[in-house]
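First comes the structure, then the notes that go with it.
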Amino acid sequence: VADAHVAALTAPGVAGERFIIVTETIFANRLGHIVAEQCPEAGVKPKALTPTCMLSCLGLCIPELGKLTPSFGKMYSFDATPAQTKLGITFQPLEHTVKSMAEDYLAIGGKN
């Protein structure tokens, strides 16, 4: 992300443009599996997904959760082509990014 910020400030002809700096979306469950596979020292044990209907019911009682219910179970797609072509951004594989994030978290004393 930092590279994208620098590129947006220095690339010619992109002043005022906005760029999407993501290539895919994932559910939290998959994130847990990636951390477990890529960074076993984190001790993450992925759990099963909570059924959408249960989350929707909880959303009736918990206002903050209720605001999220319209997006439950939906996958969104993004087009990062402008960031790649205009800024010259190359994206790291998701697994690499998640592993790096988990290792950094552990390095600063983070716990599971």
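Observations, loosely collected:
- Between Cys61, Val6, Leu49, the Cα set farthest toward the positive side of the dipole of the chain (charges on each charged residue's Cβ, about the Cα centre) is that of Cys61.
- For Ala48 and Ala2, the difference between the fully extended length at 0.36 nm per residue and the C-alpha to C-alpha distance is 13.2 nm.
- Structural descriptor for the chain: relative contact order 38 percent, calculated from alpha carbon pairs under 8 angstrom and at least 6 residues apart.
- Per residue Cα convex hull volume in Å³ - calculated over region 10-56: 148
- FRET efficiency, Ala15 to Leu94 (Cβ-Cβ, R0 30 Å, nearest 0.05): 0.50
- This model, with +1 at the C-beta of Lys and Arg and -1 at the C-beta of Asp and Glu, gives the chain a dipole about its Cα centre of some 340 debye.
- Value of [θ]222 nm, deg cm²/dmol, for the chain, DSSP H segments ≥ 4, -39500 (n - 2.57) each, nearest 500: -14000 deg cm²/dmol
- In the chain, lysine pairs with alpha-carbon atoms under 23 angstrom apart (chain gap of 8 or more, or interchain): 6
- If R0 is 25 Å, the Cβ-Cβ spacing of Gln84 and Ile26 corresponds to a FRET efficiency of close to 0.80.
All of the numbers you see were taken from the coordinates with simple rules; none came from a lab. Everything quoted here is computed from the prediction, not taken from an experiment. Backbone-built Cβ (ideal geometry, glycine too); neighbour counts: all protein chains shown.
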